[in-house]
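Rule-based calculations on the coordinates, nothing more; no lab input. Note that this is a predicted model, so its numbers are computed, not measured. Heads up, the Cβs are rebuilt from the backbone with ideal geometry, glycines too, and the neighbour counts pull from every protein chain shown.
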């Protein structure tokens, strides 16, 4: 850097200063007003360019790799499952970037996570739509990710029959129970068909890539963070398409006049659908174990469930006991796209990833979730005092 305040002991002749291939008279020449203005303009331009470059290329912990720190991109991280997964990752020392367009997620969940982990370089939130290729490319260009956990999806069965481009269960209605990873995938609704298409694309891509891939097929998710920090809060307009646990809680809180059970003539012991209910805490534990065991160039496919099926009627009774409310139940015709009986054989994930569901008491999982619902009557709005 040159000293600007330096004085000279003798005069010097006029000379030209070459800047970028253009000649300008020496600005120190007395009376050369045009030269002074030109140089000032050039210096201003240079300063602006330097400021722009420094602001756009400013290095952050999220843009650099750090030894011993794994940076995970969590898509849909503001949603029910994604927020719980983010909480677990942060607790375990991971660096996390959430990308969510908030069409299903809650910015309130993100704020809670930021309050729990305020240290620089732990968590960042990016508002973006994964369908926007330009935005996605920019995100990957500006961040150094080591892994991705993908939860961004439109994942309600009822909604899928009206809007087919969403995702989830792929097995359809198998002839034999329980379901293993080798069970033929024949989805009978748009909900499962889109998920299978996504799996097929991933498998095709993996054939020419050394990327480590883990595909987890999970069942009906229930529960919430045992410490009461996070819960499930779907958009009000999707309540009728959501999970049965949400419907039970809405009925118990009086938001809905009662619970609608769709289908009582299935070939099951009590005529209602049978499902495998997995607690969200167990589910995110499976994701972390999958991340830890992922091997470059290989694909792992695992069912994540308890291995035990419970009927809708059994679920409703457990919900009544968990909430302490005698919920009114209306029995209606079947919902299009529902299967009669679906539950998993989790032996593969137990043997290969050392994972087993621990939170298998249906009533207890519902009780934990109900405690959050009571304390957050407006979802992620202003919480009330936690009740036992």
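Starting from the Cα-Cα distance between residue 91 and residue 209, subtract it from 0.36 nm times their residue separation and give me the gain in nm to one decimal. It would help to have the intermediate numbers written out before the result.
Working: separation 118, 0.36 × 118 = 42.48 nm, distance 3.09 nm.
Extra length available between residue 91 and residue 209 comes to 39.4 nm.
Which of 193, 176 has the fewest other C-beta atoms within 10 Å, and how do the rest follow up to the most? Write out the running numbers ahead of the final one.
Numbers: 193 22, 176 7.
The most exposed by this proxy come first: 176, 193.
Mind ordering 343-352, 271-280 by average Cβ neighbours within 10 Å, highest first? Could you put the intermediate results ahead of the total?
Details: 343-352: 18.6, 271-280: 23.8.
The most tightly packed comes first, giving 271-280, 343-352.
Please rank 334, 95, fewest neighbouring Cβ atoms within 10 Å first, as an exposure proxy. Write down the numbers at each step before the final one.
Details: 334 13, 95 24.
Lowest to highest Cβ neighbour count: 334, 95.
What is the fewest-to-most order of 179, 107 by other Cβ atoms lying within 10 Å of their Cβ?
Working: 179 26, 107 13.
Going from least to most buried by this count: 107, 179.
How much length, in nm to one decimal, is gained on full extension between residue 325 and residue 184, taken as 0.36 nm per residue of separation minus their Cα-Cα distance?
Numbers: separation 141, 0.36 × 141 = 50.76 nm, distance 4.06 nm.
So the chain would gain 46.7 nm between residue 325 and residue 184.
Under 8 Å for C-alpha pairs, at least 6 residues apart: give me the relative contact order for the stretch 214-331, rounded to a whole percent. Each step should come with its number before you reach the end.
Numbers: 149 pairs, mean separation 48.4, N = 118.
Computed over the stretch 214-331, the figure is 41 percent.
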